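Notes for the one structure printed next.
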Amino acid sequence: MRSILDGSVHHDGSRPSWIMPRRACASGCGRGDGPRLFMVGSTSCTRFRPRFRQPMIRRILLITADSAPGTLQSSSWGTHPMGLLYLAAAAREAFPGVEIRIFQTLTDPDYETTLPQLLESFDPDLIGLRAFSLFRDGFSALSAIVRRVLPGRPIIGGGPHVSADFELLLKTGEIDLAVLGEGEETFVALLEALNGDTGRNGGLPVDLAGTAVLTGGRVQRNEKRVRIRDLDALPMPAYDLIDLTKFADINNAAHVWPRHCAYIEASRGCPYRCFYCHIAPETATHQRSPASVVAEMRRRRDELGVEAFHFIDDIFNFPRPHAKAVLREIAKELPGVRLHFPIGLRADLLDDEILDLFEAAGTVMMALAVETVTPRLQRFIGKYLKIERAHAMIDAASRRFVATTFFMAGFPTETREEAQATIDYAASLEHLCDPTLNIVRIYRGTLLWDHLAPTPDQAERLTAQTRHATTPRMFSRQPFLFYGDIFDREKVPLTSEDVAELRVDWLRKVQFNPRRILNAHARMRHFFPEAEVVRTFRSWLNDDRFDATKLQRMIDFARPTPPTEVVPPPFARQAAPVKLSA
């Protein structure tokens, strides 16, 4: 067998030091026997029981790349690093003696200076690195810093970017081992293997379920790890590892700044297979008990003093009975809290009863995802949304809560007329606070990427998407890129010129619809003080000079009888497209 760090091979058939006999599982699942890698929380276990051996991996640094120099964003947007907080909690429960720190580029933007200092002072035995595909350049930069400061220390990659692009990341040496999918069980199993005999100088296991490694010059993807079913068994995220004061000037999609809230999940997974989504291949869903959700919320309120909670479920309102049970429990046990659902609820699964429960539980904000209103495209992308039902429920929700909606344009085979129909649909919803039109992007690891099957040259040019603002929050003076320019018109009928014109039409018909502006302002003032409303509009409009005076100008602009054709205010400027050409 082989150590993937030092390349050594045991020709005599003896096991390397990181291979140990498997023990019987402590949860009673019956797995055991055989000279294989012992994995705490094996593919059928979900509990993280403490190990009593003194750990040799004593210091772990977990890094998340959620910003990158040169990435054009409308403003500082981000969240608490929940994936890393869950990993840290699982590791500390299994190995109470381990010391873990978290580094987030969002809150440490000068990371080219601060990260080397932390690496030298903390001297971690193991480094974990994660990112969304949007921040692939930041991920690469962070890996390079670790390699330079601590050469030879193992880098474990995780998160959506790694799950989608692990082959390239392993071959280029940016990471030494990829954790694919959910990470808690796999990470604990990895630490158990490393803490067997070897410590920091030993090799990484090559056959650990839920991972991929480079061995013998080729990428080896190991047995898939079963999704965690008992979410109640997971330890609560290690919130003590982050400083909420660092989030003072950072925005998020729920209109409550991360310094004043906590993030929570009531479920994992989504049963739908939207082909642009990185979790589409995983259709299983698992739910926490309502009591577990409320217990964590109560703990966050007591420890952090927060009353606002952001739910980060992939689809909170599926299944509906579970969502209703959670909302009832919150309304009963935690009166006075404020709930936000910024990820995207399934609009056609809403009904009058659940809207009443959202309100009773203290809901302020919800996001509702539509994407396209063309039935053909709904089937094509795998969403299968009931368009008319969704319209009725979005209209009802937007009259009670701060509602945002997600629409998309630029799908393969989508025509100009079909994209226009989506804009007209959005324009008819005049109580929305933040309707958003996103332009489709293509990422590795999605069904959409597989459908388009880009050539190596096209794949390389698609990486430019992460270096430019393809879909600024509302509008921007920055250029944008559209993937359709590198594919033939049969695959992608729309061009970057079409997209530019559609965005202008979106501003005219939707964003600067006078009635929508007045309704949105009134709905937001129901929940937020005027200063928070100004700050939220400043972020939406991508205008750091937006203030109360400009807000009043916008309200005055909306109050007269709507003109035949709405002209955006002078501070709204659209940039010309930049083609994704060679």
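For I63, the residues whose amide H sits under 5 Å from its own are F103, G128, L129, R130, ignoring neighbours fewer than 5 places away on the same chain, with H placed 1.01 Å from N. Entry note: region 350-430 has Rg to Rh equal to 1.01, where both radii use alpha-carbon atoms and Rh is the Kirkwood radius.
Cross-linked pairs K246/K324; K171/K224; K332/K383; K491/K550; K224/K383; K171/K383: Cα-Cα separations exceed 32 Å for K246/K324; K332/K383; K491/K550; K171/K383. Put the Cα centre of region 528-553 next to the Cα centre of region 479-519 and the gap is 24 Å.
Comparing Cα centroids, region 355-379 and region 397-429 end up 12 angstrom apart. Kindly provide log₁₀ I(q)/I(0) values, in the same order as q = 0.07, 0.14 Å⁻¹, from the Debye equation applied to equal alpha-carbon scatterers of region 251-558. So the normalised log intensities work out to -0.28, -1.15.
Read the figures in this text as sums done on the coordinates, not as results from a lab. Note that the structure is predicted; figures quoted are calculated from it, not measured.
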